[in-house]
Amino acid sequence: MEGEKVREFFCKIIKEDEDVSVGVAAIRTLMEIIKHSKSETVQELEATLKDGIQVMKSSNYPVAAVNSGCELFLRFITLAVLDTRTFEECKAIMLNRGHIFIKKLDEARGKIVKLAAKFIGDGCKVLTHSRSRVVLQTLRKAHKQTKNFEVFVTISAPDNSGKRMCKDLEAEGIPCTLILDSAVGYIMDQVHFIMVGAECVVESGGIVNKVGNYTMAICAKEMKKPFYVLTESFKFTRLFPLGQQDLPAEYKYTSDVRKSGDLKKVHPLVDYTPPSYITLLFTDIGILTPSAVSDELIKLYL
């Protein structure tokens, strides 16, 4: 697949299915590249896949999930190289392992929803940020269990994704209030806990998420409110930021913005929330404390 075709296929998946995350779309695109690749050696195929990843990272979608998902996917499928004698046999096993990987991804969100919905009880008031698909499905699940609860959603500038989240919740009949990002501190004493998604989870157990997440987490800790993160394990990434400035520019800005040059006056898309502000992470491999993330990363990449 040529670079432009890779970009078109990647963008088409995201546009046609709003429930598909950017990371999953990237992995499905890599599978398509393998199917249509004319490479004759493993090295050629790996180079083609890496070129495809670069093409997807140059599109105007969040890079964090693309990075983590593709890195883990490549690690998983290239284990086939060790077990085969011919390239055709290796390619067939890669595709088979890829299908297994995608099946695990498809099941991941359901496992998280099942775990997290138990934490939402009658009378709960939940605060969330932006529009996380897994958080939305968890709230839907709790509502279908006839639980009565209320949700507060931040507008989530600059793209105002919280407005869409609020509409989605109201369409399900879930009581929802849209609040200003700057009103997080004001509303915090009314809520029982915070529930957010993540673009990626770093080695320390901290998360990279929509900008404003860190501010919310600081307020939550100061007011002793549990801060829960719902995320798939394919978003675990080998990155160890110590602060906001350690986040790569490709995580914080779109491709078009990075090309413009001067980033000092541009608002970042994401921020980094250190592990000390996170209570629990609900994942498809279980409920984890932030300190357990590094151990799970080692298992994923072994």
> In the range 33-46, what residues are free of Cβ contacts under 8 Å to residues at least 40 places away in the same chain and open to solvent by 40 Å² or more (accessible area, probe 1.4 Å)?
Replying inline: His36, Lys38, Gln43, Glu44, Glu46
>> For the list (1) surrounded by fewer than 16 Cβ atoms within 10 Å (Cβ to Cβ); (2) farther than 28 Å from Asp106 by Cβ, I need the number of the one condition that Asp295 fails.
In response: (2)
> What number of residues in the range 5-29 are part of a helix (DSSP H, G or I) and open to solvent by 10 Å² or more (accessible area, probe 1.4 Å)?
Replying inline: 13
> Does Ile207 meet the test of being farther than 25 Å from Gly69 by Cβ, open to solvent by less than 70 Å² (accessible area, probe 1.4 Å) and aliphatic (A, V, I, L, M)?
Replying inline: no
>> Please pick out the residue among Tyr277, Tyr301 that is open to solvent by 40 Å² or more (accessible area, probe 1.4 Å), aromatic (Phe, Trp, Tyr) and over 17 Å from the mean Cα position of the chain (by Cα).
In response: Tyr277
>> I need a count of the residues in the range 47-60 that are modelled with pLDDT of 85 or more and either open to solvent by 60 Å² or more (accessible area, probe 1.4 Å) or touching an Asp or Glu at 6+ places or on another chain (Cβ under 6 Å) (or both).
In response: 3
>> I need the full set of residues from the range 242-267 which are surrounded by 17 or more Cβ atoms within 10 Å (Cβ to Cβ) and under 17 Å from the mean Cα position of the chain (by Cα), in order please.
In response: Leu247, Tyr251, Lys252, Tyr253, Thr254
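The values are calculated or read from the model by the stated rules, or taken from the named source; none is laboratory data. As the structure is a prediction and not an experimental result, all values here were calculated from the model. With ideal geometry, Cβ positions are generated from the backbone for all residues, glycine too; neighbour counts draw on all protein chains shown. Heads up: the accessible areas ignore ligands, DNA and RNA and are worked out on the full protein's heavy atoms, side chains in. Shrake-Rupley method; radii C 1.70, N 1.55, O 1.52, S 1.80 Å.
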